[in-house]
Amino acid sequence: RAGKESSQLVAGVVPMLLIAAFVEGFVSPSNLPASLKVTLAVVLAAAYTAYIVSCSRRAELDGSDVAVASVAPATLPRAVSGV
C-alpha cells in the first residue's frame with residue numbers, strides 16, 4: 001500500500017516540478033512583458049488550485065487517507081478558508 005501511495009505522489013509531483021522548471025528556466029529570465037508573465041502566473045495558479053481541489057475531492061469520494069481531503073476548514077488559516 002505504501003508503495004502505491006508513494007508512486008501516486010511522485011506521479012503528481014513530477015509534472016508540477018517540470019512546469020516550475022520550465023517557468024524558472026525560460027519565462028522568468030526572458031524579456032517577455034510583465035503583464036504576460038503575470039497572466040501566466042495567474043493561469044498556472046488557477047490550474048494548480050483546480051488540480052489540488054479535484055484530487056482532494058476524488059480522494060474524499062474514494063475514502064483515501066489524504067491529508068488535503070481530510071483538513072477541516074476550521075483548521076485552515078483565515079486567508080485560505082475565507083472565514
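Some notes on this structure:
- Rounded to the nearest 0.05, the FRET efficiency derived from the C-beta distance between residue 23 and residue 60 at R0 = 22 Å is 0.15.
- Placing a label point 7 Å from the Cα of residue 40 along the Cα-to-Cβ direction, the residues of region 1-30 with a backbone N closer than 19 Å are 15-30.
- Qualifying trypsin sites (Lys or Arg not before Pro) in region 1-68, where qualification requires a DSSP coil assignment and no more than 10 other C-beta atoms within 10 Å, comprise 1.
Coordinate-derived values only; no laboratory data. Predicted model, so just to flag it, every value in this text is computed and none were measured. In this analysis, Cβ positions are derived from the backbone assuming ideal geometry, glycine residues included, and neighbour counts consider all displayed protein chains.
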